[in-house]
Amino acid sequence: MLCPADDTPLAASASSGYEVHRCPQCLGVAVAGNVLPAVRAHAALELHKQPDQPAHVRPCPRDGKMMKTLRFKGVSMDVCPECRGLWLEAGKLPRLLDLAQVAQPVNLGRLADGTEIRRERSTLNLVDKLEGIWLLGDLAGLLFKLWK
């Protein structure tokens, strides 16, 4: 992959636990579209609202399509309309991560002291489960009658 700003080959690296491709010359960063779901959703909505907005002059490092410049909570970025990949200029990734409130992965199967949490089995017996199914059937029948 090449830097869209200066055609320098991008180097794979990690930033805040996420794989990115960084330009060693301009320090810009290419981020895959699936890394920041909130930003991806915002970009998809903005691209849908502005389909005729002219594309920026930078090509996407991943697929070569022309990117469009968008803003997410004040941070300017280039977004590929095809792969939703992002190009961020130097220093913008940490700010974008803070604004997007990206949570670090947490192992919810362990307590703070490292002990493993055991799953409790369902206390519902077969009669309780069948009664629940019966009530759902009654509710579905009532909704069908009201719909007609």
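Table for the structure above
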item	result
Meets criteria (part of a strand (DSSP E or B), at pLDDT 70 or above, under 30 Å from Met1 (Cβ atoms) and within 20 Å of the chain's Cα centre (by Cα)) for Asp78	yes
Which numbered condition Asp63 fails, given (1) more than 23 Å from Ala14 (Cα to Cα); (2) exposed (fewer than 15 other Cβ atoms within 10 Å of the Cβ); (3) in contact with an Asp or Glu (Cβ under 9 Å, 6 or more places away or on another chain)	(1)
In the range 11-28, residue nearest to Leu88 (Cα to Cα) [restricted to those that are small (Gly, Ala, Ser) and part of a strand (DSSP E or B)]	Ser15
Ser15 being surrounded by fewer than 21 Cβ atoms within 10 Å (Cβ to Cβ), polar (S, T, N, Q), under 16 Å from Ala100 (Cβ atoms) and touching a Ser or Thr at 6+ places or on another chain (Cβ under 7 Å)	no
Which listed residue, of Cys83, Cys60, is on the phi < 0 side of the Ramachandran plot, modelled with pLDDT of 90 or more and in contact with a Gly (Cβ under 6 Å, 6 or more places away or on another chain)	Cys60
Matching option when the condition is touching a strand residue (DSSP E or B) at 6+ places or on another chain (Cβ under 7 Å) and either touching a residue at least 40 places away in the same chain (Cβ under 8 Å) or assigned to a loop (DSSP other than H, G, I, E, B) (or both), among Ala90, Ala43	Ala43
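The values are calculated or read from the model by the stated rules, or taken from the named source; none is laboratory data. Note that the structure is predicted; figures quoted are calculated from it, not measured. Because the Cβ atoms are built from the backbone with ideal geometry, glycine has one as well, and the counts that use them run over all protein chains shown.
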